[in-house]
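I have placed the structure first, in the form of structure tokens, so that the comments after it can refer back to it.
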Amino acid sequence: ASRVVAFIGLGIMGERMAANLLAAGYQVRVHDIRIEAASRLVAQGATAAADVAEAASEADIVITMLPDTPQVEEVVRGARGLLAHPPKGRLYVDMSTISPQATRALAAELGAVGIDMLDAPVSGGPLGAERASLSIMVGGAEDAFERAKPFLSHMGSTIFHLGDTGAGQATKLCNQLVCAINIQAICESIALGRACGIDLVRMREVLLGGAASSWMLENLGAGMLEGNVDAGFRIDLMLKDLRLVLEMAQQQCVPLPGTSLVTTQYLDAKAHGGGGEGNQALFRVYDRMSGQ
Ligand code: NAD
């Protein structure tokens with residue numbers, strides 16, 4: 001019999017990741033609090049479940065791709081959650097970006113009832129999810145990592161075991177501050193380039209060929225010049241990540257002036273109604289500042 005995956009959280013990322021597991025030949029049981037989120041996957045052969053317990057009971061592995069810490073805690077500790085209804089395979093992989101500390105607490109509670117938990121947050125955006133080319137940052141026990149790896153390999157192409165529980169989340173938070181400050185840098189060069197009358201389309205192209213090139217400039221730069229604020233990764237989620245980065249920095253007593261500043265700028269974007277826009281929409285904050 002083919003192996004059973006329970007996939008919980010079918011948003012921008014989760015739907016694409018679950019589709020790749022289906023395409024790989026697994027039986028996939030899906031659940032989302034938005035009932036309609038399952039419909040396209042069901043058309044591709046997935047089974048919709050009414051709650052976590054129903055999705056997880058027969059699963060070899062349970063995967064979550066949820067917005068934030070409270071939703072993951074609900075999946076684990078809720079009345080129909082994993083602690084009360086342990087999945088058959090006793091392996092749980094959280095691929096959301098959440099608090100490393102909360103992750104360690106959840107892994108300890110699950111471990112006490114014999115369920116292995118891995119934290120395995122990702123980078124690469126909706127395109128990386130669609131192409132199964134995500135970078136996956138894993139924390140937890142080595143043997144659990146080995147059991148999860150075949151499943152992860154259908155969602156990502158760079159898969160690293162980085163240490164004990166929480167190490168994946170800590171690495172992802174280091175990743176996120178680079179993303180945020182990189183977008184900020186692109187916004188600043190656009191603001192200055194525009195004021196100087198430079199052809200910004202050509203400027204982006206020549207930057208891509210040199211040391212200023214980046215994933216952000218390549219994938220989001222052209223849209224930023226066209227005023228595209230569509231959400232691949234929402235500003236609200238970026239603010240959640242930056243909060244987690246600064247919490248971790250405070251716990252470790254590491255000053256992060258760049259992260260602190262870009263957090264304030266993302267708050268500015270949200271205060272002006274942009275929380276649901278994509279993280280590249282930081283250019284609007286710069287447009288306002290420079291009167292463009
Ligand atoms: P999303 O909001 O599009 O998807 C989250 C899904 O979870 C939604 O469909 C929502 O209905 C569902 N959900 C919420 N609470 C639930 C619950 N209690 N039970 C079941 N389902 C529930 O978010 P996303 O962009 O797919 O991001 C998911 C996670 O991945 C976040 O932690 C985010 O930070 C991280 N992430 C996102 C991106 C990106 O580019 N969008 C990239 C890397 C990592």
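Points worth noting:
- Rounded FRET efficiency, nearest 0.05, which uses the C-beta distance separating GLU146 from VAL201 and R0 of 45 Å: 0.45
- Placing unit charges on each Cβ (+1 for Lys and Arg, -1 for Asp and Glu) gives the chain a dipole about its Cα centre, and among GLN169, MET13, LEU225 the Cα reaching farthest toward its positive end belongs to LEU225.
- In a DSSP loop and with at most 14 other Cβ atoms within 10 Å, the trypsin sites (Lys or Arg not before Pro) in the range 1-67 are ARG34.
- From the largest down, the chain spans 63, 45, 34 angstrom on the principal axes of its Cα atoms.
- Cα centroid separation, the range 190-241 to the range 21-45 (Å): 34
- All lysines inside 22 Å of LYS172 as judged from Cα atoms, apart from same-chain residues fewer than 8 positions distant: LYS149, LYS240
- In the range 1-93, GluC sites (Glu not before Pro) in a DSSP loop with at most 16 other beta-carbon atoms within 10 Å: GLU58
- For the chain, the longest principal axis of the C-alpha atoms and the axis of helix 100-112 are separated by about 10°.
- Convex hull volume per residue, computed on the Cα atoms of the range 65-146, equals 102 Å³.
- Expected 222 nm ellipticity per residue - DSSP helices of 4 or more, -39500 (n - 2.57), all of the chain, to 500: -15500 deg cm²/dmol
- Dipole axis of the chain (+1 Lys, Arg; -1 Asp, Glu on Cβ), positive-most option in LEU83, ALA195, THR264: ALA195
- Separation between Cα centres of the range 94-165 and the range 65-81, rounded to whole Å: 16
- DSSP beta bridges confined to the chain are antiparallel in about 15 percent of cases.
- Computed over the range 4-164: relative contact order in percent, which uses C-alpha pairs under 8 Å that are six or more apart: 20
- Total formal charge among the other residues, if their Cβ is under 13 angstrom from that of ALA222, Lys/Arg +1 and Asp/Glu -1: -2
- In this Cβ point-charge picture (+1 for Lys and Arg, -1 for Asp and Glu), the chain has a dipole of about 200 debye about its Cα centre.
Just so you know, all these numbers are worked out from the coordinates, no wet-lab data involved. None of the values given here were measured: they were computed from a predicted structure. Note that we place each Cβ from the backbone using ideal geometry, even for glycine, and neighbour counts take in every protein chain shown.
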